[in-house]
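Presented below is the structure to which this report refers.
Laboratory data are not the source of any read-out in this text; all were calculated from the coordinates shown. These numbers were taken from a predicted model, which means no experiment stands behind them. Cβ atoms come from the backbone with ideal geometry, glycine included; neighbour counts cover every protein chain shown.
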Amino acid sequence: MDGAIVDLDGTVYRSHTAVPGATEGIELLRDAGVDIVFVTNSSTKTREECRDRLASLGIETAVSDILTSASVTATYVTREYPTATVLAVGEPAVTDELTRAGATLTDDPAEADVLVVGKDTAFDFDTLTRCLRAIESGAAFIGTNDDRKVPTDSGLVPGAGALLAAVSYASDRDPDVVCGKPNDPIIEVSLDTLETDPADCLVIGDNPETDIEMGRRAGLTTVLVLTGLVDGSDPLLAEGPADHVIASLAEVSTVLRES
């Protein structure tokens, strides 16, 4: 294997805590000469924040080797809608990535050509109303990611997908594009970053709906770790959800031997 797309939340860390075996697994991949790009569906952290969190766990990496759903969304929006005015819903990381990519931002739904919705812990009725009015005014509807839930130190919390569902229901319209895993925008940027053939690339993550589905769509070798959304007692395991199922990243050497 030449490359690996490695998820973060639930695979390498939970909030600020390292997943047991994760640091060892990253070292095993690097010792085997596998290039790594860390790809997270989180839209609440900047790439610099992800880099610093990894460094705090003893994993050094460059910002250029980290992709978030927010950064990929910003790339997509400024490429597909280069002159658009964007109404962004989300944590500061979303507006930060859009600004760095050169997008023009607005708080006025009537001015918006594009509505971007990411995870927003302050999401409320007023936010939902602004989203509805932007869509009713003709804005394109772009989601950063549609994760239903996210593992944290204190347990599962709703993901950006819950907010997308609310906006979709209110507007009677599905997003035009969702940029995060398992969808095409993040697949394309991930493979471009690694500069590798899909047949020579792993995707490693804890979420069958995003990480493993991304690998299936792209023709990657899929590795499910049981350190996040799925554990060893989950009935899903009987269905053979991935090419490889391992307890944690610490067991990735078995995947390398078999691939």
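Tabulated data for the structure shown
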item: Cα gyration tensor shape of the range 70-178, rounded if a/c is under 1.5, else prolate or oblate by comparing a/b with b/c; result: oblate
item: Sparsely packed chymotrypsin sites (Phe, Trp or Tyr not before Pro) within the range 13-122, loop by DSSP, other Cβ within 10 Å at most 14; result: none
item: Mean-position separation - Cα centroids, the range 138-213 and the range 1-62, in angstrom; result: 18 Å
item: Neighbour count of at most 10 Cβ within 10 Å plus DSSP loop: longest GluC sites (Glu not before Pro)-free window in the chain; result: 61-194
